[in-house]
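Participant: Just dropping this structure here.
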Amino acid sequence: MVSFLGVLCIGCGSLGNDLPSDEEMINTFHAKEATFNEMVQLLQEFPSWEGDNLGGFRYRDGYWPESAESRAFFGEELALRIDSLLKEMGCENVHFWYARSDASADTIRPNKYSFVSNADGLSIGPGISKEFVYCVNPIDSLDLKCEICYLEEKPSTVFVTDGDLDSLYYDIRTKANEIEEGIAFIKLRRRIADNWLIELEYFH
């Protein structure tokens, strides 16, 4: 494919030149599924949220490999193993979330991990990224919701999809351009395994 992504880039202001297709990401995942699962098992050992912090934030997040706190917890040997796994997965970094839904809970482990396969332009303006997402809890309809948020004052569009994310993104941007409708962000999700999704995000 001088590929579909080449067409995609023309339609969205040359964003996403290096983004992998859904098919490429799915093939990578299935070829290296053991690596993906080992990474999640290691990251699940990260320090839990302490439930006695009742006045604290309901959510907490972190990044690997940028977080010095994360590296210090694992120690150099395990930290290097996680670095190696991330490289084998072909991902740039991992973003993980803690969520405290019940303030009385003793501890909460990270409940979602986002492994960035590739990103373009996110730090300097309009950007787009594709990621592997692991959900600790079984995936439900909420995890599969996609969203389009507009620059104009109008409600977001929320829907569920199970199709090709690149094609859907291209269609959304093309239709928006045709009617001169500004989009603030797009988040599209697709299930690829029991607890795994791929996600495409665009930010204006």
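Participant: Anything in the stretch 140-166 that is surrounded by fewer than 15 Cβ atoms within 10 Å (Cβ to Cβ) and touching a residue at least 40 places away in the same chain (Cβ under 8 Å)? List them, or say none.
Facilitator: K145, E147, L151
Participant: How many residues, within the stretch 175-204, are farther than 18 Å from S114 by Cβ and either at pLDDT 95 or above or part of a strand (DSSP E or B) (or both)?
Facilitator: 2
Participant: Look through the stretch 127-139, keep the residues that are out of contact with any Gly (no Cβ under 7 Å at 6 or more places or on another chain) and open to solvent by less than 10 Å² (accessible area, probe 1.4 Å), and return whichever of them is farthest from E33 (Cα to Cα).
Facilitator: S129
Participant: Output the residues belonging to the stretch 129-147 that are within 11 Å of L188 (Cα to Cα) and of a type outside the set (S, T, Y).
Facilitator: Hits for the stretch 129-147 are K130, E131, D143, L144, K145, C146, E147.
Participant: Turning to a different aspect of this structure: Is it fair to say L86 is open to solvent by 50 Å² or more (accessible area, probe 1.4 Å), more than 14 Å from the chain's Cα centre (by Cα) and at pLDDT 80 or above?
Facilitator: So L86 fails the test.
Participant: Would you point out the residue of the stretch 96-128, among those that are assigned to a loop (DSSP other than H, G, I, E, B) and under 28 Å from Y150 (Cα atoms), that is modelled with the highest pLDDT?
Facilitator: P126
Participant: For residues that are in contact with a strand residue (DSSP E or B) (Cβ under 8 Å, 6 or more places away or on another chain) and part of a helix (DSSP H, G or I), tally how many sit in the stretch 129-174.
Facilitator: Residues meeting the conditions: 6.
Participant: Residue check: is W64 at pLDDT 70 or above, open to solvent by 60 Å² or more (accessible area, probe 1.4 Å), in contact with a strand residue (DSSP E or B) (Cβ under 8 Å, 6 or more places away or on another chain) and aromatic (F, W, Y)?
Facilitator: no
The values are calculated or read from the model by the stated rules, or taken from the named source; none is laboratory data. Values in this document were obtained by computation on a predicted structure and should not be read as measured data. Cβ atoms come from the backbone with ideal geometry, glycine included; neighbour counts cover every protein chain shown. To get the accessible areas, we keep the full protein, side chains included, count just its heavy atoms, and leave off ligands, DNA and RNA. Shrake-Rupley method; radii C 1.70, N 1.55, O 1.52, S 1.80 Å.
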